[in-house]
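So the structure is just underneath, and the comments pick up after that.
Read-outs: derived from the displayed coordinates by stated rules, not from any lab. None of these values were measured; they are calculated from a predicted model. Here the Cβ positions follow ideal geometry from the backbone for every residue, glycine too, while neighbour counts run over all protein chains shown.
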Amino acid sequence: MLLQHYKNILCRTILLLQIIGCFFVIPAIGKNVFPTEKKIITAGGEITEIVCALGDCDKIIAIDRMSNYPSKVLSLPSIGYRGSINAEGIIALQPDLVLVKEGYVKDEVIAQLKSTDIDIRSFKNENNIQSTKKLIREIAQILGRESQGEKLINDLDKQLVALKKLVRGVSSKPKLVFVYARGSGTINIAGKGTFAEAISTMVNAELATPEVQGYKPLNTEALVKADPDFLVFFHAGLKSIGGIPGALKIPGVAQTTAGKFENIVSIDGVKLALFGPRIVEAAEELALLIHPNK
């Protein structure tokens, strides 16, 4: 009799829960969807920009030193830059979600974070528009911002159409050298396999040094032989060597077409090199500089 009594209670409880379920729907959170009220740390300028462009900038509690856009994130605490980023500094901020660019943070730091309750996601971003779109979709899915992600991608597509129209039919392809400078003591050029190759194609130009793979120290003899039409710097890099006058003092520059006509231009480095949501904007800016008659 006692067993039958407990069975009756269990049946009534199940029935009651079923009735309640008819009136109250509990939303399911998929394993890839992040609860909207949580705290986020971003490591990678393009990742920070995407999170903000999707509408979740206010959820970011800390950024890396590469992240400088939008300006509202500049007041946030910094977790450091590449090799200086450590797990302890991130854990101390008590984030719920950490979004990092693949290869940007040391493997041991990633392993330490994965051993905690912090949800950490890493993303691969290559130097092409398709990779940018994929990155937007991946982050949008995690944040539950799929519709905003598709709108952002549609905006990129529209900008691409306008860019192609802008550079269509140029009379010649200018030769470019992309210079990465951190003061006069550290001057490198970007070659194939970097953002420079992809950007050159986007703006209907070509690399003046196609034999260079990755980033290499600037070689005076090779620079003069390449004879670029334009030298392209990051804003901060050009400033670090004293602007255009400083660039003209770099050995070999004055002997090139770029030096003779002072065709020395600069673009915001994060916008130009990271292939984030402003990449087409950066390409259009460069196109107008190197195709002045367009």
Of the conditions (1) surrounded by fewer than 19 Cβ atoms within 10 Å (Cβ to Cβ); (2) within 22 Å of Val280 (Cβ to Cβ), the single one that Arg145 does not satisfy is (1)
Test of understanding: among Ala190, Ala196, Ala140, which residue is within 30 Å of Asp96 (Cβ to Cβ) and buried (at least 19 other Cβ atoms within 10 Å of the Cβ)? Ala140
Is at least one residue of the stretch 100-111 among the aromatic types (Phe, Trp, Tyr), within 30 Å of Lys38 (Cβ to Cβ) and crowded, with 18+ Cβ neighbours inside 10 Å? yes
How many residues does the stretch 102-123 hold that are of a type outside the set (Gly, Ala, Ser) and in contact with a strand residue (DSSP E or B) (Cβ under 8 Å, 6 or more places away or on another chain)? 11
Within the stretch 60-78, take every residue that is in a helix (DSSP H, G or I) and out of contact with any Ser or Thr (no Cβ under 8 Å at 6 or more places or on another chain) and give me the one that is farthest from Gly269 (Cα to Cα). Ser75
For the stretch 251-291, which residues satisfy the criterion of being out of contact with any helix residue (DSSP H, G or I) (no Cβ under 8 Å at 6 or more places or on another chain) and more than 21 Å from Glu197 (Cα to Cα)? Phe261
Go through (1) under 24 Å from the mean Cα position of the chain (by Cα); (2) surrounded by 18 or more Cβ atoms within 10 Å (Cβ to Cβ); (3) β-branched (Val, Ile, Thr) one by one and return the number of the condition Thr209 breaks. (1)
Test of understanding: among Ala258, Ala254, Ala247, which residue is outside any loop (DSSP other than H, G, I, E, B), without any contact (Cβ under 8 Å) to a residue 12 or more places away in the chain and under 24 Å from Ala222 (Cα atoms)? Ala254
